[in-house]
1. Specify whether the C-alpha gyration tensor of region 268-398 places it in the rounded, prolate or oblate class, a ≥ b ≥ c being the square roots of the eigenvalues: rounded for a/c under 1.5, otherwise prolate if a/b is larger than b/c and oblate if not.
2. Which whole-Hz ³J(HN,Hα) couplings does region 71-88 yield from phi under the Karplus relation 6.51 cos²θ - 1.76 cosθ + 1.60, θ = phi - 60°, glycine and proline marked x?
3. Relative contact order, percent, of region 319-398 when contacts are C-alpha pairs under 8 Å separated by at least 6 residues?
4. For K358 paired with S275, estimate the spin-label separation in nm (one decimal), with each label point 7 Å from Cα along the Cα-to-Cβ line.
5. For K155, list the lysines whose Cα falls under 16 Å from its own Cα; do not include residues on the same chain fewer than 8 positions away.
6. Contour minus end-to-end for R206 and L95, with contour as 0.36 nm per residue of separation and end-to-end as the Cα-Cα distance?
7. Checking the a/c ratio against 1.5 first, then a/b against b/c, what shape does the Cα gyration tensor give for region 221-281?
8. Suppose accessible area is computed on protein heavy atoms with a 1.4 Å probe; arrange S317, S253 from highest to lowest.
Amino acid sequence: MELLAPAGNFEKMQTAFYFGADAVYFAGKKFGLRAFSENFDNDEIFKATKYAHDLGKKVYIALNILAHESDFKGLKEYLQILSDAHVDAVIVSDLGIIYYIKTYFPNLKIHVSTQANILNSYAINFMCSLKVQRIILARELSIEEIKEIRGKIPKDIELECFIHGAMCISYSGRCLLSNYLTNRDANHGECAQCCRWEYTITEKSRKGEQYEIQEDDRGTYILNSKDLMMIEHLKELKSAGVCSLKIEGRMKSPYYVANVVNAYRRALNSLEDISAQQMEILKEELNKTSHRQYTTGFYFGSNDKECLNSSMPVQTSEFMAIVLSDSDGEKVLVEQRNRFKIGDVLEVLSPNDTFNNKIELKKMTDIKNIEITDAKNVQQKLYIYTKLKLKKGDILRK
């Protein structure tokens, strides 16, 4: 199965590939559903696609807005850029845009977005008549439903599903709450994430009096979804006929991308013989980056109550530094991301054998080889002295 990772910018794309993603998805400056992500300008799309293809990897471009008539202005020019860049597919939810692509750019491959709410074999077979290559299934489907659908559709149509990350509380992500409360259109990529806000209720006859719905000392977030985690159930998804496993998070940090991709890559590499102990280590890995309570969502027939009543995000580790070049066996050059000091113990996040090794900081120098005891300057470059064979792209955390 393909492991598909988010890439909100070029650094996150590089991180995703280094830690084991087979493909990434990202958007240009227009037509995607993450308008507040950094996204890629036209030159960066060419650069990113070449970078991926040189590694034998793939890039998919999110073009998944629900389009108004005015949104077609400039679309042909943008699609020409994607075609010229030889991107591997575009991710589309709007039937009008699908028709437009098939009319003017028939060689562009289309992946139908989860925003299209594909829930049954009849919808998939209709999409097949439009010559699309892949369906990104609605997240409201169970594994049993996916298995049934797989048996009723052409064998060459690919099925993709989400396996990890934040979930929208609205049906397959179609939401108007942000439009109403902030005049920012979620279906045009401008979601204000109003579902993550803290709400109170009022009783009709007691005007002006607000009542907090108590759950814990942080309050209750009644529209807030738990985060999806399916790392223990990849075999079931494979048996159901899923070919691509998608991680959410184009607006998340490089550390999130590294941590989650690394865990799922290791799980996939050991899919047939992973031990219970190994799985527990990987599940703990997913606690080390920012997340809400985890759920398997609808995959096992759970209703939406199972997905609710989550609290604020938590994490058990913090991103301290990124390794800038391979170590020489004595020291390694890093860039600071959060403050650390002599005496701290840092843990290695790596796709290599140094994964989860510990470094007790006994000596650090700046790039002029002057010893320092406290790495407190933002994004300071410095040398950490360790015999561990760290590689460029490894991450240090605490």
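1. Prolate shape, in that a/c is at least 1.5 and a/b is the bigger ratio.
2. Coupling constants for region 71-88: 6, 7, 5, x, 5, 4, 5, 5, 5, 5, 4, 5, 5, 5, 7, 6, 5, 7 Hz.
3. 45 percent
4. Using points 7 Å along Cα→Cβ, the separation is 2.0 nm.
5. K155 reaches K131, K147, K238.
6. Going from the current span to full extension adds 35.3 nm.
7. Working: a/c = 1.72, a/b = 1.45, b/c = 1.18.
Cα axes put region 221-281 in the prolate bin.
8. S253, S317
The values are calculated or read from the model by the stated rules, or taken from the named source; none is laboratory data. It should be emphasised that the depicted structure is a prediction, and the values quoted were computed from it without experimental measurement. Don't worry about glycine lacking a Cβ; one is built from the backbone with ideal geometry, like all the others, and counts go over all protein chains shown. Keep in mind that these areas ignore ligands, DNA and RNA; they rest on the heavy atoms of the full protein, side chains included. Shrake-Rupley method; radii C 1.70, N 1.55, O 1.52, S 1.80 Å.
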